[in-house]
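What follows is a set of notes on a single structure, which appears directly below.
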Amino acid sequence: MAEASAERPNCTYCAYYYVTWDARFPRGCKAYGFKSREWPTAAVLRASGQPCLQYTPKRK
């Protein structure tokens with residue numbers, strides 16, 4: 001299980017990740033344009049079978 005999490009990027013460090021005001025869908029991805037209950041990288045992996053290809057580190 002640790003291997004799967006190591007393959008996918010951490011959304012909290014992505015420039016496209018945001019927290020929504022919708023309690024039902026608290027996490028969002030601006031690159032793909034969706035909100036989700038799960039982490040966006042997990043939703044992308046489940047839907048496409050590939051790790052997130054839009055991951056961009058936040059500027060410091």
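Run the numbers for T56 and F25: contour at 0.36 nm per residue of separation, minus the present Cα-Cα distance, in nm.
Taking 0.36 nm per residue and subtracting the Cα distance, the gain is 9.0 nm.
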*For a quick protection proxy, order the peptides 38-48, 11-21 by their average other-Cβ count within 10 Å, most packed first.*
38-48, 11-21
*Could you please tell me the mean projected area of the C-alpha convex hull for the chain, averaged over all directions and given in square nanometres to one decimal?*
4.4 nm²
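No value in this document is a laboratory result; all are computed from the given coordinates. Note that this is a predicted model, so its numbers are computed, not measured. Note: ideal-geometry Cβ built from the backbone for every residue, glycine included; neighbour counts use all protein chains shown.
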